[in-house]
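Let me begin by presenting the structure, written as structure tokens, before commenting on it.
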Amino acid sequence: MSNQRRMAGGSIPNEVGADKRLHSPALNPPDTRTQQLIDQVTTHGYVIIHNAFTPEAVASAKAEVARLTDIPEAAGPAGKKGRNTFEGYKTQRLYALANKSRVFDAFALHEDVLALNDHFLDPGYLINSFQSINILPGEKAQTLHYDHGYVTIERPHRPVGSGVMIALDDYTANNGATVIVPDSHKWDSKRVPSAEETIPVIMPAGSIIYFLSTLWHGGGANTSNASRLALTAQYCQPWIRPMENLILAVDWEKLDEIPERLVGMLGYKVGNPFIGFVDGGSPRAAVARLLAKWTGKSGKGKIEAKL
Ligand SMILES: O=C(O)CCC(=O)C(=O)O
């Protein structure tokens, strides 16, 4: 152990996890197929996995999205249409899918995706977001972005996350298929793509595009007369969260007694632009709703009742 890593009293770096600072490959070397997927992602920032889900699985997910969209409490605030250009005024989003139905679970757990995550992320990675995105006819192209754009670490850097778009409708050149900028995961922080640098991801329903959270992409314009439904699961490194889970450690009914500034720092203030939201809304409003549901007493939900 070098002097730098040795600290008085023993092997502190190991105890505090400093030895995990650099990516450690999965214990078992990947099989040939997984290695090919890894190589493609390493080089281009993404890989397409065709026909990853059966037509039956796709049909049941589509039916479930349609069912939930028609129930206002399940659909949530962006379930019928987005509230800003990023969500998309002609786009329907169901957030927090893991809370709404068991039909979607398997879509966040595809074995190729987990194998890729095992390579690119540290053990214990988390779901960062799990939602459905239905781009309706007439929607404009979404602003190009990368999913960890809010992580203010100079690019390029090792992945802090990954994501999948799972097509529930065929992705075509004009129905709002996700557009990507190949190789852009390697760009530095200053470089921003133009629309000309994008390509649409054309793939049949049931297919997945897996990409690193540093790859530039966006929802495409839908100039067709049909909607384009997809699920998206995003994953992040296990260390993108506070060490103490204070949202659960501090009893919710005590929140109104605690200084607002501190409540915000416990995780109830949504970070710019939308870090830490709950089903498309504020965590404080969610707590007030859950307290009312379980105890009949409602918290005030005074901080950021709206996003
Ligand atoms: O719907 C899509 O194709 C992409 C959406 C997206 O990238 C996002 O909303 O972050």
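The values are calculated or read from the model by the stated rules, or taken from the named source; none is laboratory data. Everything numeric here is computed off the predicted structure, so don't read it as measured data. Cβ atoms come from the backbone with ideal geometry, glycine included; neighbour counts cover every protein chain shown.
Tabulated results
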read-out: Residue count for the stretch 235-274, restricted to those that are more than 25 Å from R83 (Cβ to Cβ) and more than 25 Å from the chain's Cα centre (by Cα); value: 12
read-out: Flag for D170 being more than 14 Å from the ligand (Cβ to nearest atom) and of a type in the set (D, E); value: no
read-out: Residue pairs meeting the criteria (Cβ under 6 Å; at least 6 apart or on separate chains; first within 17 Å of P72 (Cβ to Cβ), in the stretch 84-95; second surrounded by 22 or more Cβ atoms within 10 Å (Cβ to Cβ) and polar (S, T, N, Q)); value: Q92/N134; L94/S132
read-out: Of the criteria (1) away from the ligand (no atom under 13 Å from the Cβ); (2) out of contact with any His (no Cβ under 9 Å at 6 or more places or on another chain); (3) not basic (K, R), which one P156 fails; value: (2)
read-out: Breaking point among (1) under 14 Å from A230 (Cβ atoms); (2) within 16 Å of the ligand (Cβ to nearest atom); (3) touching a strand residue (DSSP E or B) at 6+ places or on another chain (Cβ under 6 Å), for G88; value: (3)
read-out: Residues (over 16 Å from S207 (Cβ atoms) and either outside the structural domain of F211 (by the TED database) or buried (at least 19 other Cβ atoms within 10 Å of the Cβ) (or both)) located in the stretch 39-63; value: G45
read-out: Failed condition for L126, given (1) more than 15 Å from A230 (Cα to Cα); (2) away from the ligand (no atom under 16 Å from the Cβ); (3) over 17 Å from the mean Cα position of the chain (by Cα); value: (3)
